Amino acid sequence: MGNNREVQVLEAEELLRKAMLESDTVTLDKLLSANLIFTNHLGQILGKKDDLEAHKSGLLHISNISVDDQQIKLQKDTAVVFAKVTINGNYDGNPANGTYMFTRVWQNTEGNHWEVIAAHSSVLSVKSMKNEYAQYMISWIEKSDPQFHPPISDCYGTLKAYWLDSGVDFNEDEMKERLWSWVDGNGGPRITSDKEMALARMVLCLAYKDKETMDELKDVGFFEDLLEQYGYARSEINRIYEQQNF
């Protein structure tokens, strides 16, 4: 009986993970109790309405959730889940990445339905400065709804997976050669209002693994210049940049 209930809770946890990734508010509505109390890693106390609204509005976007460790303690009609989770995403257009410890209390309600009645999260680690800046760049590229042509689309997919710690690696020299070949073959690295070229050069910024180059990109504002060439207002670029904690 206990094993069956543990399986049910694990299935509910997986449904919750997928719903968070997809911002599936219909499923989230079913899995979160109307009386949910969630204390996040900033000490803020949130309810079900706050959680659903963050997903509905697009304020919160999660691109990856990796569960590294998970334990379940069963009680009479409740289950307490302890999970170490790595999350990649953005909040209000800004990178929100790190490793957290979550505690969730699930209650078995009428009809053998499990729902979260309480939760708490604490931060264990935040991505390094180099990763944070790369993920900041990715958030801008995603915000631009990129429509890439090969090979830029393939390169971006690999680079995005690398910087979001999805277990993907790449050969830096080969990647830069592919991207620079496209840039040189389509007019070269010039100031331009061509959105595809601006985006391609943004992707090229992600092809540099070493911290020194990444720091230089951050310090000289080259990526931000590309954003302005793409069409974003400098005031918006500066506002979002100043909100970062690099």
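The values are calculated or read from the model by the stated rules, or taken from the named source; none is laboratory data. The shown structure was predicted, so the numbers you read here are calculated from the model rather than taken from an experiment. Here the Cβ is made from the backbone with ideal geometry for all residues, glycine too, and neighbour counts use every protein chain on show.
Quick notes
- Residue check for Gln147: more than 19 Å from Met214 (Cα to Cα) and modelled with pLDDT under 90: yes
- Only listed residue being modelled with pLDDT under 90, assigned to a helix (DSSP H, G or I), basic (Lys, Arg) and surrounded by 13 or more Cβ atoms within 10 Å (Cβ to Cβ), chosen from Lys218, Lys176: Lys218
- Residue in the stretch 151-173 that is surrounded by the fewest Cβ atoms within 10 Å (Cβ to Cβ), counting only those that are modelled with pLDDT of 85 or more and acidic (Asp, Glu): Asp173
- Matching entry among Leu16, Leu36 (being in contact with a Gly (Cβ under 8 Å, 6 or more places away or on another chain), within 18 Å of Ser121 (Cβ to Cβ) and modelled with pLDDT of 95 or more): Leu36
- Lys143 meets all of the listed conditions (1) outside the structural domain of Ala34 (by TED's automatic domain parsing); (2) among the basic types (Lys, Arg); (3) without any contact (Cβ under 8 Å) to a residue 12 or more places away in the chain but one, namely (3).
- The set of residues in the stretch 193-213 being farther than 26 Å from Thr99 by Cβ and either in contact with a His (Cβ under 8 Å, 6 or more places away or on another chain) or crowded, with 16+ Cβ neighbours inside 10 Å (or both) consists of Glu196, Met197, Ala198, Leu199, Ala200, Arg201, Met202, Val203, Leu204.
- In the stretch 1-28, the qualifying residues are those that are acidic (Asp, Glu) and surrounded by 14 or more Cβ atoms within 10 Å (Cβ to Cβ), and the one that is farthest from Lys76 (Cα to Cα) is Asp24.
- Pairs, first among the basic types (Lys, Arg) in the stretch 69-83, second surrounded by 15 or more Cβ atoms within 10 Å (Cβ to Cβ) and assigned to a strand (DSSP E or B), C-beta under 9 Å, six or more apart: Lys73/Ala79; Lys73/Val80; Lys73/Val81; Lys76/Asn108
- Residue check for Ala161: touching a Leu at 6+ places or on another chain (Cβ under 7 Å) and among the small types (Gly, Ala, Ser): no
- The set of residues in the stretch 68-93 that are surrounded by fewer than 15 Cβ atoms within 10 Å (Cβ to Cβ) and assigned to a strand (DSSP E or B) comprises Asp68, Asp69, Gln70, Gln71, Lys73, Phe82, Tyr91.
- Meets criteria (on the phi > 0 side of the Ramachandran plot and surrounded by 13 or more Cβ atoms within 10 Å (Cβ to Cβ)) for Gly187: no
- Checked against (1) at pLDDT below 85; (2) in a helix (DSSP H, G or I); (3) touching a strand residue (DSSP E or B) at 6+ places or on another chain (Cβ under 6 Å), Ser139 passes all but a single condition, namely (1).
- Qualifying residue in the stretch 100-116 (condition: buried (at least 16 other Cβ atoms within 10 Å of the Cβ), under 16 Å from the mean Cα position of the chain (by Cα) and not acidic (Asp, Glu)): yes
- Candidate set from the stretch 29-49 (those that are in contact (Cβ under 8 Å) with a residue 12 or more places away in the chain and within 20 Å of Asn97 (Cα to Cα)); member that is surrounded by the most Cβ atoms within 10 Å (Cβ to Cβ): Phe38
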